[in-house]
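Worksheet: the structure to be examined is printed underneath.
The values are calculated or read from the model by the stated rules, or taken from the named source; none is laboratory data. Note that the structure is a prediction, hence the values are computed from the model and not measured. Cβ: placed from backbone, ideal geometry, glycine included. Neighbour counts: every protein chain shown.
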Amino acid sequence: MGMRRLLIAGLCTLVLVLAPQGGAGATPHGGGPGGPGYWPDSADHWFCFESNVPSADYPIYQDAFQYLDNVTSMYDSQSSYCGSLTDVIISNTHPIPGCSNCLGMAPCIAKTGFLNLACEQGMEYVDTTNIWIASGGFSGDINVYWFNVIYNARHELGHTAGMGHSTNSPSVHVMAQGFYTDYGNWARWGFRSEDTCHVNEFFGGPACNH
């Protein structure tokens, strides 16, 4: 990664870590309390699939990245292989390392920039086996299963963009944390304007009011 990009990431991170993260009911962001602990090191999100992700599932993640592109100033590009410069490595792993009961996780595995708060490379884990078990296994509802696979793909992607878990309760959007059976409630797949505003602000957009 170029030095100029790292310096920009460091300066932006400093501004956002020191700035207020929102009032009651806010969603934490970036390196602030309750955030994922990092911001992406650039607006471009190169991603790849590990061999454990079925090719039939690729569209779920590709659609998630396209949605992030549509609602923020970030943009994605799929890589044909996972290398040291790939920003997000998508993995269908069971169990997820360090969290055997998790449905998904998005740890940063290569931090850089100011105070190591910029993420150069991260994982997007989605454990479809645990989601299948939570959905009831062989006697469960396949609609609930796929709803939560898509939900977790978008949820973990939100973390890679610097979004934290919602502190709203109840909360109907994709950065809330949980497992859901109301598979017709498509609002659960969407980011809130507050989340996208902070991502855009980080990359030079207008300041957020919340």
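Assorted remarks:
- Qualifying residue in segment 117-125 (condition: of a type outside the set (D, E, K, R) and either without any contact (Cβ under 8 Å) to a residue 24 or more places away in the chain or part of a helix (DSSP H, G or I) (or both)): no
- When the residues of segment 81-139 are filtered to those that are over 18 Å from Gly30 (Cβ atoms) and aromatic (Phe, Trp, Tyr), the one that is farthest from the chain's Cα centre (by Cα) is Phe138.
- Hey, Ser91 surrounded by fewer than 19 Cβ atoms within 10 Å (Cβ to Cβ) and among the small types (Gly, Ala, Ser) or not: no
- Filter pass, His159 being part of a loop (DSSP other than H, G, I, E, B) and out of contact with any Lys or Arg (no Cβ under 8 Å at 6 or more places or on another chain): no
- Single match in Phe147, Phe191 (criterion: in a loop (DSSP other than H, G, I, E, B) and under 24 Å from Ser91 (Cβ atoms)): Phe191
- Of all residues in segment 26-45, at least one satisfies being touching a strand residue (DSSP E or B) at 6+ places or on another chain (Cβ under 9 Å), modelled with pLDDT of 75 or more, surrounded by fewer than 20 Cβ atoms within 10 Å (Cβ to Cβ) and not in a loop (DSSP other than H, G, I, E, B).
- Those residues of segment 58-88 which are among the charged types (D, E, K, R), crowded, with 18+ Cβ neighbours inside 10 Å and not in a strand (DSSP E or B), in sequence order: Asp87
Here's the yes/no breakdown for (1) within 16 Å of Ala64 (Cβ to Cβ); (2) in contact with a strand residue (DSSP E or B) (Cβ under 7 Å, 6 or more places away or on another chain):
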| residue | (1), (2) |
| --- | --- |
| Met123 | yes, yes |
| Thr129 | no, no |
| Ala134 | no, no |
| Glu156 | yes, yes |
| Ser166 | no, no |
| Gln177 | no, no |
| Thr181 | no, no |
| Trp186 | yes, no |
| Thr196 | yes, no |
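- All of Gly113, Gly104 fail the test of being modelled with pLDDT of 95 or more and buried (at least 21 other Cβ atoms within 10 Å of the Cβ), apart from Gly104.
- Qualifying residues in segment 116-139 (those that are surrounded by fewer than 16 Cβ atoms within 10 Å (Cβ to Cβ) and hydroxyl-bearing (Ser, Thr, Tyr)) - the one farthest from Arg154 (Cα to Cα): Ser139
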